[in-house]
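Where a number appears in this text, it was derived from the coordinates with a stated rule and is not lab data. Keep in mind that this is a model prediction, so the values were computed, not measured. Methodologically, a virtual Cβ is constructed for each residue, glycine included, from the backbone with ideal geometry; neighbour enumeration extends over all protein chains shown.
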Amino acid sequence: MKKLFLLIAVAAIGISHNFAQESHEQGRTNVYSVFVNIVNEPFRFPLIGFVNIARGSHTLPQIGFINFNQNNFSTLQAGFINTVGGDMAGFQLGFVNTTAGSFQGAQLGFVNTTAGSFQGAQIGFVNTAARGDNSGLQLGFVNTAFTEFAGAQISFINIARKIDGFQIGFINYADTIENGIPIGLISIVRNGGFRAVELSINEIAHANFAFKIGLEILYTSLNVSWNPTIDWGYSLLTGVGFGTHVSINNNFFFNPELTFISNMGIGDTNINYYSFAPNFGFRIAHGFSVLIAPAITWVHFINNGGEISETFLALYNHEINRNHNLLAGARVALRFQW
């Protein structure tokens, strides 16, 4: 075993000596070893070592713990920290991947950053495209595009200045949606977005409050309901909904919604309500509208079964079995939109 290590060391020293001698003859100094590689371009070999540094523009793979290329780079950087000082075309695979110029290809790591324009895929925990026109896929926990992004952002939090494509996440933010749609629990569109608050009574509860946000083509609704005739363990209901807003003319609009609310397991029985209401709205003043709708609700008793405490807008209650009811009724709402 000792002889093997000795042979490897001698071979590495010999390679390093030959490359250094060749570079010295050409008026440059290169260091090429199994631990540290520091080379000047043009250089005709891949850089494989613990630390790889290429001065100039490199076109062959860099594989090591730390990879750095001073100017433009193509092909592959694979390591813990990968950095390109210019433009990049190819792949960066590592924990931290950074390109100071434009990027074409794929960055796969925990933190991926492109300072220039980006085309391709960023897949990691935090993905950032800072400048220029960006297109492709960002997939991670936090995705950020400080300028225009064409493609798909998929993560827990998506942020973009302008979107031409899709945002899919828990929280989505965009200054402008040029051609596309955000899909999430909270989708904020600064310019041209849909925002509204609503008070209503329906077949389930006497008092309902909803905050609606997104785009008119698709928005989400955060709902809180209260029915004082139900035992305290069941009277407060919370949930979410999805809807779309379709203008018929300047005063009338069609607004179908799907909602889910629940008592969240408070009390002896967990009650879930799944509803559909094809709302019809009439604008009564600037920002204010009145909505009415028939509604149908599937009531699901999770644990022990139970009875529905109906409001006066509950018109028909059909018991399917001990744990399932079908409830039909009506809804009336006052909405303020801005």
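Residues 195, 331, ranked from the fewest to the most other C-beta atoms within 10 Å, line up as 195, 331. Calculated FRET efficiency, residue 224 to residue 44, Cβ-Cβ distance, R0 = 51 Å: about 0.15 to the nearest 0.05. Sorted ascending by nearby beta carbons within 10 Å, beginning with the fewest, 257, 41 become 41, 257.
Kirkwood radius, the stretch 125-245, all distinct C-alpha pairs, inverse of mean reciprocal distance: 15.4 Å.
Let me have the relative contact order for the chain, percent, based on Cα pairs under 8 Å that are six or more residues apart. Normalised by residue count, the contact order of the chain is 7 percent. Counting neighbouring Cβ atoms within 10 Å and putting the fewest first, the residues 162, 212 line up as 162, 212.
Largest GNM mean-square fluctuation among 67, 179, 255, using the chain with Cα springs under 10 Å: 179.
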